[in-house]
Amino acid sequence: MPPRVMMVDDNDSDLLYTRVTLQRCGEPCEVLAFERAQDALAHLRGTRGHGVRLILLDINMPVMDGFAFLDAFEALPPEQRGSAVVAMLSSSSDPADRARAQACPSVVGYLTKPLDRSEAANLLRRHGQD
């Protein structure tokens with residue numbers, strides 16, 4: 001079964017571009033897309049054995065931004081987090097955002113948009129396996 005990747009981004013175009021990049025990077029994966037961070041959290045909370053290995057998370061979103069998602073994600077019980085790790089995928093190149101993200105234990109990387117195929121393949125090779 002290919003690794004499951006959860007994308008959380010409020011921008012339809014970014015979700016589409018990232019999905020296509022993941023599908024064409026040469027590493028198999030199944031992609032789940034969420035425009036609202038709170039919907040992504042609800043999926044993690046409510047889907048037993050969700051199988052998400054990697055979460056690609058935008059920072060700047062309405063209602064619940066990426067940092068609020070990270071706080072809520074890290075507060076989830078281990079059985080709801082599963083083996084998922086987070087890679088920030090943001091248009092922000094602000095060093096303060098990068099430092100804040102990297103201070104979170106579940107964050108394994110900080111990438112700026114757009115995601116390219118080699119970055120996608122590397123993420124899946126490093127974090128998509130059991």
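None of the figures in this text is laboratory data; all of them are computed from the coordinates on show. All of these numbers come straight from a predicted model, not from anything done at the bench. We place every Cβ from the backbone using ideal geometry, glycine too, and count neighbours over all the protein chains shown.
One residue stands out among those in region 108-130 that are touching a strand residue (DSSP E or B) at 6+ places or on another chain (Cβ under 7 Å) and not aliphatic (A, V, I, L, M): the one that is surrounded by the fewest Cβ atoms within 10 Å (Cβ to Cβ), which is THR112.
Selection of region 18-51 for residues being under 11 Å from ALA120 (Cβ atoms) and part of a helix (DSSP H, G or I) yields THR18, ARG19, VAL20, THR21, LEU22, GLN23. If you take the residues of region 3-60 that are among the β-branched types (Val, Ile, Thr) and closer than 13 Å to VAL86 by Cα, which of them is surrounded by the most Cβ atoms within 10 Å (Cβ to Cβ)? Among those that are among the β-branched types (Val, Ile, Thr) and closer than 13 Å to VAL86 by Cα, it is ILE55.
Restricting region 67-97 to residues that are assigned to a loop (DSSP other than H, G, I, E, B) and touching a Ser or Thr at 6+ places or on another chain (Cβ under 8 Å), the residue that is farthest from ASP39 (Cα to Cα) is SER93. Residues in region 81-107 that are touching a helix residue (DSSP H, G or I) at 6+ places or on another chain (Cβ under 6 Å) and either of a type in the set (Phe, Trp, Tyr) or surrounded by fewer than 17 Cβ atoms within 10 Å (Cβ to Cβ) (or both): CYS104, SER106.
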